[in-house]
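The structure under discussion appears below in the form of structure tokens.
The values are calculated or read from the model by the stated rules, or taken from the named source; none is laboratory data. Keep in mind that this is a model prediction, so the values were computed, not measured. Don't worry about glycine lacking a Cβ; one is built from the backbone with ideal geometry, like all the others, and counts go over all protein chains shown.
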Amino acid sequence: VGDLITAALDEGVGRIILGLGGSATTDAGFGMAGALGVAFRDASGGTVTRVGDMASVAAVDLDGLDPRLAEVEVVIASDVRNPLCGPDGAAAVYGPQKGLAPEDVDEVDSAVRGFAAVVEEALGTSGTAELPGAGAAGGLGFMALGLLGAQMRSGVGLVLEETDFAGALGAADLVITGEGRLDAQTLSGKAPVGVAERARESDVPVVAVCGQNQLDADHASALFAAVYSLADYELDVEKCLRDPLPILQRIGSEIGAGLNR
């Protein structure tokens, strides 16, 4: 992520939208900060370069931070509201989804907490780790808020705004949205809900297409005119993942038939 930001700076951009979704690690932005010129030191002054050694970080050297960042507006697009640490933090909630062993969660959470305290001291800030969204993308939210002075925005709201969803909606008879799995997490501000709410305000029906549907009937009907799940057409999940096109074509035909009735 830090390398991508640097590439954007090289192109002379004045505004960066940083989308924080899934990530492969819980590093509190350690890697991004390093790529942007931040150096992390241990108690003896040595440079810490491995995220696995995060717990040994005792000081932060900001002298090498890319000065161009001060002239750029950074906006975070994220629908995750988790803080950085604790039972609702990045390691506890999302770490196991990335392969973190349950017995290692507390150790990683403790390392992230100590690292964050050192970073906040260097930045002259406090409370950033507790802010909603600081735990997004393995803690990238924390580093983006603190180091980059980023503004946190609803991911779906920002995307719909940037893509002029309202303009497209004005010419639409039907909106099709969806995601891999519709479930309880969908209801916490994910894209399908944002799309459905805005379309409903304009009296345009919304159909959801997903891999699996785990919403109860009441929630589903409150948001969508219909929900089509690939798993309802093909019980073999691997086949749905490997060759979804024929199933999607069948679903598309049924949606089209419904429009023509």
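For the residues Ala43, Ala24, Ala28, the requirement of being touching a helix residue (DSSP H, G or I) at 6+ places or on another chain (Cβ under 9 Å), assigned to a loop (DSSP other than H, G, I, E, B) and more than 25 Å from Leu131 (Cα to Cα) singles out Ala43. When segment 169-186 is examined, which residues are found to be surrounded by 14 or more Cβ atoms within 10 Å (Cβ to Cβ) and assigned to a helix (DSSP H, G or I)? If the condition is that a residue be surrounded by 14 or more Cβ atoms within 10 Å (Cβ to Cβ) and assigned to a helix (DSSP H, G or I), then Leu169, Thr186 are the ones that fit.
Pairing each residue of segment 1-28 that is at positive phi and aliphatic (A, V, I, L, M) with any residue that is at pLDDT 95 or above and assigned to a loop (DSSP other than H, G, I, E, B), provided the two are 6+ apart or on different chains, yields C-beta distances under 8 Å for Ala28/Leu84. For Ala101, are the conditions met, namely being out of contact with any helix residue (DSSP H, G or I) (no Cβ under 9 Å at 6 or more places or on another chain) and either surrounded by fewer than 17 Cβ atoms within 10 Å (Cβ to Cβ) or within 16 Å of Ala150 (Cα to Cα) (or both)? Yes; evaluated as a whole, the condition is true for this residue. The residues listed here are Leu65, Leu9; of these, the one that is in a helix (DSSP H, G or I) and of a type in the set (A, V, I, L, M, F, W, C) is Leu9. Given the condition part of a loop (DSSP other than H, G, I, E, B), within 23 Å of the chain's Cα centre (by Cα) and free of Cβ contacts under 8 Å to residues at least 40 places away in the same chain, answer yes or no: does some residue in segment 88-104 qualify? Yes, some residue in segment 88-104 is part of a loop (DSSP other than H, G, I, E, B), within 23 Å of the chain's Cα centre (by Cα) and free of Cβ contacts under 8 Å to residues at least 40 places away in the same chain.
Here's the yes/no breakdown for (1) closer than 24 Å to Arg15 by Cβ; (2) among the hydrophobic types (A, V, I, L, M, F, W, C); (3) touching a Cys at 6+ places or on another chain (Cβ under 6 Å); (4) at pLDDT below 95:
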position	(1), (2), (3), (4)
Leu62	yes, yes, no, no
Leu69	yes, yes, no, no
Arg81	yes, no, no, yes
Pro96	no, no, no, yes
Val105	no, yes, no, no
Ala111	no, yes, no, no
Glu121	no, no, no, no
Thr128	yes, no, no, no
Leu131	yes, yes, no, no
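For segment 193-229, residues that are assigned to a strand (DSSP E or B) and within 22 Å of the chain's Cα centre (by Cα) total 5.
In the condition set (1) surrounded by 13 or more Cβ atoms within 10 Å (Cβ to Cβ); (2) part of a loop (DSSP other than H, G, I, E, B); (3) among the acidic types (Asp, Glu), Asp232 is compliant with all but (2). Of the residues contained in segment 235-253, one or more are found to be touching a helix residue (DSSP H, G or I) at 6+ places or on another chain (Cβ under 6 Å), more than 18 Å from Gly21 (Cα to Cα) and assigned to a helix (DSSP H, G or I). Checked against the criterion of being in contact (Cβ under 8 Å) with a residue 24 or more places away in the chain and on the phi > 0 side of the Ramachandran plot, the candidates Gly211, Gly178, Gly194, Gly170 yield just one match: Gly178. The residues listed here are Arg41, Arg50; of these, the one that is modelled with pLDDT of 95 or more, within 30 Å of Arg81 (Cβ to Cβ) and more than 22 Å from the chain's Cα centre (by Cα) is Arg50. Taking first residues from segment 59-86 that are in the same structural domain as Gly46 (by TED's automatic domain parsing) and partners that are surrounded by fewer than 15 Cβ atoms within 10 Å (Cβ to Cβ) and among the basic types (Lys, Arg), the Cβ contacts under 6 Å between residues at least 6 apart in sequence or on separate chains come to Glu73/Arg15.
Residues in segment 130-152 that are assigned to a helix (DSSP H, G or I) and either touching a residue at least 60 places away in the same chain (Cβ under 8 Å) or among the small types (Gly, Ala, Ser) (or both): Ala136, Ala137, Gly138, Gly139, Leu140, Gly141, Phe142, Met143, Ala144, Leu145, Gly146, Leu147.
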